[in-house]
1. Can you tell me the FRET efficiency between B:E150 and B:A237 if r is taken as the Cβ-Cβ distance and R0 is 51 Å, rounded to the nearest 0.05?
2. In a GNM of chain B with a 10 Å cut-off on Cα contacts, which of B:K264, B:K41, B:K140 has the highest mean-square fluctuation?
3. If I model a spin label at B:Q157 and C:A601 as a point 7 Å from the Cα along the Cα→Cβ vector, what separation in nanometres do I get?
4. Grab the Cα-Cα distance for C:E559 and C:T760, subtract it from 0.36 nm times how many residues apart they are, and report the gain in nm with one decimal.
5. Check which residues have an amide H placed less than 5 Å from C:A420's amide H, if you skip close sequence neighbours.
6. For region A:87-156, what mean projected area does the convex hull of the alpha carbons give, in nm²?
7. In whole Hz, with x marking every Gly and Pro, tabulate ³J(HN,Hα) for region B:227-244 from phi via Karplus 6.51 cos²θ - 1.76 cosθ + 1.60, θ = phi - 60°.
8. How high is the FRET efficiency from C:T10 to B:A255, r the C-beta distance, R0 60 Å, rounded to 0.05?
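Since every read-out is calculated from the coordinates, none of them should be taken as a lab result. Quantities reported herein were computed from a predicted structural model and do not represent experimental measurements. Virtual Cβ from ideal backbone geometry, glycine too; neighbours counted across all protein chains shown.
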Amino acid sequence: MGSREIHLRVNGGERRVVIEDQTLLIELVRSLGLVGTKLSCDSQVCGACTVLLDGRPVSSCTTLAIEADDKPVVTIEGLADGAKLHPLQEAFIERFAFQCGYCTPGMIVSAKALLDAYPEPDVATVRHWMDGNICRCTGYQTIVEAVLDAAEQMRGAP
Amino acid sequence: MLRRFDVHRVTSIAEAVDARQRFGEDAAIYAGGTELLLAMKMGVARWPHLIDVKAIPALGRITATNDALRIGATATHWDIERNALVGGALPALARLEANVANVRVRAAGTLAGNLAFGEPHADPPSMLIALGARVVLEGKSGTRSVAVHEFITGMYQTALAGDEIIVAIDIPLPAKDVRVAYVKFQILERPSVGVAALGTVRDGRFVGAPTVVVGAVDEVARAVPTAQFAGADARDARTLDAIAEAARAAVEPTADLAGSVEFKRHLVGVFTQRVCATLAAQAS
Amino acid sequence: MKQAHRVVGTPARRADGVAKVTGAARYAVDLSVPGMAYAAVVRSTRAHAKITGIDRTAAAASPGVIRVLIGDDLLAAGLTPYYGHVVLDHPVLAIERVRFHGEPVAVVVAETKREAAEAAELVDVSYEDLPAVIDADEALKPDAPVLHERRGERVGDEGMDEGEKGLVGNVCAIARVGWGNIDEALARAHLVVEGEYRYPMLYGYAMEPYNALAFFDQGDLVVFSTAQHVYMVRRDLARMFHLPLARVRVSAPYVGGGYGTKSYTKVEGMTAAAAFFTGRAVKLDLSVEEAMLTTRSASAHIRARSAFTKDGMLLARDFQIVMNNGAYTDNTPLVNSKTANRCFGPYRIPALRVIARSVFTNTVPSSSLRGFGAPQGNIAGELQMDEAAAKLGLDPVELRLRNLVGPGEEFMPGKRPLDADLKDDLRCLASALEWPGTRIGRSIGLGVSASDAGAYPTSTAAVRIHSDTSVTLFTGSTELGQGSRTVLAQIVAEELGVPLESVGVVNGDTGVVTYERTTGASRTTTITGRAVQEACRDARRRVRELAVQAFDLPTSEIEDTAGGIRARGRGFSYGEVIEKWFGAGGEVLGHGAVRRAEGFAKMPPFYEIGCTGLELSVDRETGQVHVTKLTTVGDVGFAINPALVHGQDAGAAMMGLGAALHEELIYEGGQLVNPNVVDYRVPRFSDIPDEMVHLLAERLDGSGPFGAKGAGEGAGNTVGSATASAIGRLLGIFPRELPATPERVWRLIREAERVRTRKTE
């Protein structure tokens, strides 16, 4: 069966990997030790497996890894700048916007895509964009607040 | 986890058509993958070969002429939602696309794929049918174009021939004073009722008959017979009641977890009224 | 009056914050060991059937396959092939018979996940169908097929139910509560409200599906898994492999959601058996669909009567509860008895009769889920208060205030008196919701509950004070996201007077930490928190002992200070005392234990209060409910971390809203038709109420540290009944079945119209 070498660009790093055609993106990133990306519903509903592929949020559970050939992939591990957390990560901590934390990587990556597309979102925009990410712990409100806080923080930053 | 398969990347329509012929029943066309890969993971479909058409440059384009939009087969919901041509010429379609599934499905899934799957609980078909859109197909014997309502022949069934691929969706643009609207009822992941309408309302009356197509509730989208409403008072509740009645009569709802036949038929009436009221409101 | 505290009472940042927002937090599903093999489960395709044969040849010959394991293998090897913390009736893998669609029949172990999955499809199981029963009321009928002709051995309980007494046919558990003369009270009542109520079977959808990694290390069994109650799982596994408790280690790292769904053994037995027979480390990760075939909560069908005087004083309540507990016992005896205790409410009730029966059916076994019987009972108990108020022309808040017990008042004879001021809580809630509400088209519903929470109050903890005065806490409580690491660390920092940053927490690993009975029943802050306090006090006592010897001081001159001691005008940090005593290095160990004695002598250890209400509107054409406001009152005695309390309240209330409006596991024939998150709809961002208000009531009346008592479940308990009550007051007919889906609400609207039409005719 088919396998091929792809040029992988994950979180700024580059490498070549050989994968089989049916390999899913989540299987690939987790096999690289990037296990922050989580599998849950396995049907594109919950968003726990969200990564950015070429700047767009995708369900890595239902995306073939070959799609990542030569396209940038950002996972939760790629957000912080060394020990300096991304404003979204800071805001999630500050607002207690997670509990068990299992949805959190996908939630934050999805929120990053949102802020890339809409740097000044209102509540309705946040709720609509994030509607495809499920959290069973928080009741969501603190997540909305965290995303809005981060947006404000990022606008204020030089 | 997916079972083993080979992906064949093609870079031209001709290559894609060749591959379709070569693999026959053993291959599926792969673009966004949001429906296909899900079905394969669930084990309801198993294909040893996938023909990846995303690298065919022509298929990704969205173009417009004076009287039509052409949406390439690999254009995603995300692309269409943000496309300036679509937003300018057919904002109702952009809005519909912005509310398909969730942001990740929109980022990867294509409009053509949505039609090709023949999934009954889908948003786009009703509006595309209302607009008179056509699916452009290319196969061994050349190009043909099929109206969307003839392309989707049943639940998960289409008129796509074994050697064909979808190249584009052609959407005629309605005249300037024609309003287009879509409303839906959705509790689960997919719509349970979606109603698209277009029509012109002048001085409170329909100019000609409005077009109303009900989707997501039946095995396929159904056009509502509306000829009798040509010139009817669009602001009169009795007109809307009568159109709703015609819509309820036009569908054979499928009972599922979102509701019984009776409830869904009722919803068809409600959302038909709402979409027609939207037409009238937009006009004033 | 609140005392001045330094660390407790503040919204300290979560101890697991950075790990969780960076993706660095490791869950059981993320763990691997070199050379591990993978397991896949073969599941029953029948609801009820005899297994007539299992052909493993094709699967065994499949590439990469190491072993195909069936229930008979466990029997043949002399293992205990059943588990269950109350009744030993749950086969690790089906033996002779399957009792529900989806029951594990075989486990395939292979070198890779893919090989295991592919081979699992090749296991050929033949069945001879038996009549199946899905509905609990049907299962009670004399001619119903019986699931367990022979009952499993009873291996433990907390004395909460009637044991095996009176269990016939498919009855799994019976609980009775009652006093007074019901018939006499009903006869003299001004009003008797009567009805049948239904609460759905639910799936908790903790987002990390059940998984485990197991291996044997020189005969010791080591298991990493998603277990909430690591010590309960340890006991099941020790029994299964005939190992001493000391030779079984169960560890739960970060757990991706619990809510009760990960209480007790799930996949640990299967995975450990696979490790036992292959001699390999084995990993088993379930999919969400498989997780939905593993555990659910019990649905309830309740026939209830409540009798009132003209003034709305309760005279009697009568509940007959039938719960569908699925194919095996699991935690049913406890859930069943809690449902019985929690249905009638913290009211003065002169005469009460509750009979709760849980019934075996050919469905997924049920176990704990947030609220634990309370939401099920509440839909009848609280809704009848609203129905009565409507019939008596009384304000539902006033009706409740007239009947609620006050602080310190007993409402279950012999049990702990109420440790809360529910009347005041309810007034706060009503006021925050602007009760009775004046907005057109909106309606408010609210309710109260007092749950006998805390489970059995056995808990231990240990703290090690190091030579630099930093501290490590050892606790058997698992971090499910509730924030136990943070709260318990706050308690340590407060008690020992050290900075929060210098407290480390090691938790949830039976090989390392001290005994904890369970992490559930909202008990950690209250009960584990007390054990932690005791451990800190023990450590301080040890430090003083060391100081006496090290500095030659009389005991009477030593006083405790923040982070150390003081004597003869001089302060010494813990570290100084430790290093002085040892000469170099060293540490002090403090151990704390609490049991059913002293503050926890009387059961329950505390009551968990539910006091949640909401305002909603209904689309009268579609039946769709929109929640405009949700308000919780967190009556927690003292909020050790207010932000975490709000988080628990918001989460519990939203989960309650899911069950109130959408969530329901649906069986058609013998099969669950929505075992996935596509068709089982949990709350989304789009379901956030327009406004959310979380209030705190802190009266220092809890039995836990600093006057605290538990949270985490209560806020959800009344959401179902409050939703039904708000809809009912808006439409004129109360929904008695949840979830209030659009179609159900639409049908109520039509029924209300018909009633109105009949009245005008």
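1. Details: r = 35 Å, r/R0 = 0.68.
Step by step, r from the Cβ atoms, then E = 0.90.
2. Its mean-square fluctuation being the largest, the pick is B:K41.
3. With each label placed 7 Å out from Cα toward Cβ, I get 7.8 nm.
4. Taking C:E559 through C:T760 to full extension adds about 64.3 nm, to one decimal.
5. HN-HN under 5 Å from C:A420: C:G408.
6. Dividing the Cα hull surface by four gives the mean projection, 3.9 nm².
7. 3, 5, 9, 4, x, 5, 6, 6, 9, 7, 4, 5, 5, 5, 4, 5, 5, 4
8. 0.65
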